[in-house]
Structure formats: C-alpha cells, structure tokens
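*Asks:* Okay, handing you the structure first.
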Amino acid sequence: MKRPTRPAARAAVLLAVLALGAAAGCGKKGPPLAPLVRVPVAPEGASASRLGDQVVIQLQVPRANSDGSTPADVSRIEIYGYTGETPDEESIRRDGTLIVTIPVRRPPEEPEEGPAPDPAQPAPGRPPGSMKEGFDQGDTLVVREALGAAERQVVVPRKKKEEPEPELPESAYSPSAGGWVEMSPPLGPPRLAKDVQRVYMAVALTRRGRRGAFTEPMAVSLQPPPSQPASVAARYDEKTISVSWEAPPDLRRPTLPPRSNAELLDAKPLGMPSLAGGFNTFVAAPASEAANGSAGQEGGGVVTLGPAPAPLNSAPLSEPRFEEPVPAGAAERCYTVTAISTYSAGPVQSEPSPPVCVALKDVFPPAPPKNLAAVGSEGAVSLIWERSEAPDLAGYLVLRSEGRGEPEALNGTPIAETTFRDERVKPGVVYRYVVVAVDKAGNRSAPSNAAEESAR
C-alpha cells in the first residue's frame with residue numbers, strides 16, 4: 001500500500017478536526033427563527049363623534065412600522081363598523097362590516113443628499129392625496145358615514161356554544177306553607193334599557209395584505225340628535241364678538257327633585273340613559289372657500305383631508321351664548337352652533353345651525369384725550385395732554401376757535417406727540433383749544449376738555 005505524502009496527511013487530519021467540531025456544534029438543534037414581518041402601527045389619533053345623522057371619524061395615516069422602522073409599509077386603511085349593545089373588540093373583529101377602504105400612496109424615494117423632507121408637507125411635485133390617487137403617510141383624514149337603516153340595524157352576534165338554560169323546579173315542599181307550593185323565578189332588578197352603539201375600528205394593511213394593529217374601539221350613540229339651535233345672532237363691539245341663540249325644544253336637561261338626607265339613590269328612573277344638554281360653537285368657513293382636500297367615496301364612507309372642525313369652546317357650553325375677542329385683522333367672522341345631548345355611549349350633536357356672519361368694520365371711535373392744558377408765552381401758545389388709550393391710534397388733531405367761531409384743525413395730518421406749539425397767534429387774543437384722537441380707520445374721538453389761553 002502506498003503511504004500518503006506528508007501534505008496530504010496534514011490535510012486529512014485538518015478535515016477530521018473540522019468534522020468533529022461541526023458535529024459537536026450541531027448536536028442540539030433549537031426551534032427555527034420566524035422571519036421578521038414588518039406591519040404598520042395602528043392609525044393614530046383615531047376618534048369618532050356624532051353630528052346629526054352622520055358619524056365623523058378622524059385618524060392619521062401611520063408613518064412607522066411596529067418595529068420602529070420608517071417609512072411604514074402601508075398600502076391602505078380599512079375601517080370596520082358594528083352596531084350593537086355594548087359590543088366588545090372581539091365582536092367587532094368577528095362580525096364588523098367594512099365601511100371604507102382608504103388607499104395610501106407609496107412614499108417617494110428619499111434624496112441621497114440634502115435635508116430630510118418635512119413629513120407634514122407633500123413631496124415636491126405631488127399634489128394632495130385623494131381617494132383616487134391615495135393619501136400620504138402622516139395625512140390626517142376625516143371619514144363621514146351617513147347613518148341609514150343598515151347602519152342602525154343591530155348585529156346579532158354569533159354564539160360560540162349553545163349553553164342550555166338552567167331548569168327551575170316546578171314545585172317544592174314548604175313546611176311553613178303547609179305542603180307543596182309552586183315555585184316562581186326569583187325577583188331581581190328590572191332590566192335596564194341599553195344604549196345601542198355604533199362602534200368603529202381601523203387598521204392599516206401592508207402591500208402584501210398583512211394587517212397591523214387595530215385602533216381601540218370608537219363608540220358613538222345611536223340615540224336621536226336634538227334639533228338645531230334657532231335664531232342664531234351675532235353682534236360685536238370694539239373688543240368682543242357675542243353670539244346668542246335659542247335652545248331647541250327637544251334638548252332635554254336633567255332635573256332632579258329635592259332629596260332628603262335619608263335618600264341614598266338618585267331619583268332618576270331606572271332604564272333611562274344619562275342625559276345632559278349643552279352647545280358647541282364653530283367657525284363657519286366663508287362660502288367662497290373650497291373644501292380642504294379632495295373627497296371620494298368607496299364602501300359607504302366619504303373621506304377628506306382633515307382635521308375636522310373643532311369647536312371654539314374648550315368644553316360644552318351650558319348657556320345659549322358665546323363670546324370671543326375680535327380677531328385681529330379679520331374682515332368677516334361666521335359662526336354655526338350645535339346642540340348636544342350626552343348619553344351613556346357619548347355625546348350626540350345636532351346638525352349645525354345655518355351660519356351667521358358679521359362684517360367686522362371698525363366704526364368705533366377711540367377714547368378722547370384727557371387733561372388738556374395751555375400755557376401762553378411770547379408769540380405762542382403751548383399745549384399738552386394725556387395720551388388716548390386706543391390700540392389702533394393713528395394720532396391727534398388740534399382744533400382752535402376764536403370767540404364763537406367754528407373750531408379749525410391746526411394740523412392737516414394727525415400727530416403722534418402729545419404736545420403742540422401754536423405760533424400762529426395774535427398777542428392778547430384769547431383762543432379756545434380742543435384735541436381729538438384719530439384711529440387708523442379714520443374714526444375721530446369726542447373732543448377733549450377745552451383750554452383757553454392767549455399769547456403775550
């Protein structure tokens with residue numbers, strides 16, 4: 001037999017060592033690692049509210065995946081609706097109805113150099129999204145669903161298992177009653193009337209159709225809304241705009257009868273939802289303004305770029321009036337008002353009232369100057385006065401009269417100073433002076449106090 005050469009023997013030994021090491025490392029096999037699947041996070045800022053006979057849903061298109069990576073792998077957003085009595089998340093997932101599918105555009109390629117683009121702004125050369133073209137990541141969307149007969153129909157949940165009802169004995173022996181007596185079901189508290197809800201959940205899907213996390217359920221009450229507030233009127237003065245209206249007759253407010261110290265329970269009847277009244281005031285956009293964003297419809301919901309209009313009041317108003325400072329530089333201000341009834345499932349707003357507008361024209365004169373004083377000197381009369389407290393003050397006009405003559409302005413344009421020297425005088429002649437404040441709109445104040453003086 002031919003002996004192997006020295007290099008060949010060394011190679012054989014090395015291969016044997018490597019084989020033993022590989023065998024030792026593969027002695028215990030662990031479970032295979034699952035492939036990394038990236039799905040988008042749940043749409044942020046999701047909320048739902050009642051406005052008349054429609055539901056307004058607001059949400060934001062995700063920008064990130066569940067692992068924190070950006071941009072999000074999202075191709076569309078689906079919103080599901082469910083109608084029932086206090087439904088849970090499992091019922092909505094199982095029996096909910098798809099009401100709208102919102103397409104999302106693929107984000108543009110990021111440039112290799114230069115600052116990162118602002119996610120709140122559309123990419124260069126890309127118009128705002130629409131239902132036809134798709135919306136962008138980070139867009140705030142508003143979905144409006146009309147509440148018809150189909151949306152108000154209560155869903156009958158599917159039962160997991162048929163559970164037999166417990167049987168009650170028909171009779172029992174009672175020594176105190178003197179024998180066998182018929183049994184009746186035990187008395188219990190009356191069944192409360194539940195507030196039927198319309199509940200929504202939204203989810204973002206990847207380009208391969210994988211679902212991300214659902215939003216939390218968003219419930220609204222299906223109780224009838226109150227009527228619109230009537231006789232909405234707006235007036236204003238120099239500082240404040242006041243809006244007033246009449247409460248609708250069907251806006252019920254809770255009234256509690258007097259209670260004694262011995263009473264522990266609320267006097268409100270059982271089975272009636274908790275109801276309270278209030279109002280919201282909104283700024284109405286001028287009719288000339290176009291709607292923000294493009295609208296489309298698919299599956300039962302109308303989608304527009306948001307956000308939805310927010311009320312001017314931070315909390316519902318308890319009285320039918322609202323006041324706010326006059327906005328600086330505004331030429332017109334329009335308002336709408338809604339009435340609110342709050343049930344156990346949440347508030348229900350009426351349809352907005354017809355808008356009422358006020359033309360904010362400055363017709364208010366400034367305050368007159370005070371404490372005008374005159375001092376005569378050689379060939380002149382000097383005047384001094386206190387400044388007028390007017391935020392839009394343009395200046396002052398100095399008026400002079402002689403005897404019973406009509407006062408005439410000594411300066412053609414308003415002056416900013418609170419002093420004036422009149423050198424167009426005749427020695428020994430008594431002159432009568434007043435000062436008038438003028439604002440930037442040209443309104444003149446009432447005259448100041450009069451001061452009489454003559455030059456030497």
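*Asks:* Rounded, prolate or oblate, given the Cα gyration tensor of region 370-453, with a/c below 1.5 counting as rounded? It would help to have the intermediate numbers written out before the result.
*Replies:* Values: a/c = 2.07, a/b = 1.80, b/c = 1.15.
Prolate shape, in that a/c is at least 1.5 and a/b is the bigger ratio.
*Asks:* If you don't mind, another one. Say R0 is 22 Å: what FRET efficiency, to the nearest 0.05, do R235 and E324 get from their beta-carbon distance? Kindly include the intermediate steps, with their values, before the conclusion.
*Replies:* Numbers: r = 12 Å, r/R0 = 0.57.
Efficiency at R0 = 22 Å is approximately 0.95.
*Asks:* Next up: If the only charges are +1 at each Lys and Arg Cβ and -1 at each Asp and Glu Cβ, what is the size of the charge dipole of region 316-416 around the Cα centre, to the nearest 20 debye?
*Replies:* 60 debye
*Asks:* Report ³J(HN,Hα) in whole Hz for each residue of region 313-318, in order, from the Karplus equation J = 6.51 cos²θ - 1.76 cosθ + 1.60 where θ = phi - 60°; Gly and Pro get x.
*Replies:* Listing the rounded values in order: 7, 6, 9, x, 7, 8 Hz.
*Asks:* For region 366-371, what does the Karplus curve 6.51 cos²θ - 1.76 cosθ + 1.60, with θ = phi - 60°, yield as ³J(HN,Hα) per residue in whole Hz, taken in order and with x for Gly and Pro?
*Replies:* Listing the rounded values in order: x, 5, x, x, 10, 6 Hz.
*Asks:* Which order do the peptides 350-358, 337-345 take when ranked by the mean count of other beta-carbon atoms within 10 Å per residue, highest first?
*Replies:* Listed from highest to lowest mean packing, they are 337-345, 350-358.
*Asks:* Residues with amide H under 5 Å of A230's amide H, sequence separation 5 or more or different chain, H placed in the peptide plane at 1.01 Å from N; which?
*Replies:* Here the answer is E246, since their amide H atoms fall under 5 Å of that of A230.
*Asks:* Would you please give the residues with an amide H less than 5 Å from that of A380, counting only those at least 5 places away or on a separate chain, with H modeled from the backbone geometry?
*Replies:* Residues meeting the criterion, in which the H sits 1.01 Å from N, are R456.
*Asks:* With a point put 7 Å past each Cα toward its Cβ, work out how far R38 is from E417 in nm, to one decimal.
*Replies:* The two pseudo-label positions are separated by 7.2 nm.
*Asks:* Further question: Enumerate the amide H contacts of S75 below 5 Å, restricted to partners 5 or more residues apart or on another chain; note that Pro and chain-start residues carry no placed amide H.
*Replies:* L205, T206, R207
*Asks:* With +1 on each Lys and Arg Cβ and -1 on each Asp and Glu Cβ, how big is the dipole of region 370-453 about its Cα centre, in debye rounded to the nearest 20? Walk me through the numbers on the way to the answer.
*Replies:* Working: 10 positive and 13 negative charges, 22 e Å.
Once rounded to the nearest 20, the dipole reads 100 debye.
*Asks:* Could you give each residue of region 407-420 its phi-based ³J(HN,Hα) in whole Hz, using Karplus coefficients 6.51, -1.76, 1.60 with θ = phi - 60°, and x for Gly or Pro?
*Replies:* x, 10, 6, 8, 10, x, 10, x, 9, 7, 6, 9, 9, 8
*Asks:* Taking the Cα-to-Cβ direction at D53 and at A331 and moving 7 Å from each Cα, how far apart do the two end points lie in nm?
*Replies:* The answer from the label model is 3.8 nm.
Every number in this text was worked out from the coordinates using simple rules, so none of it is lab data. The structure displayed is predicted, hence computed values, not measured ones. For neighbour counting, all protein chains shown are included, and Cβ atoms are generated from backbone atoms with ideal geometry for every residue, glycine included.
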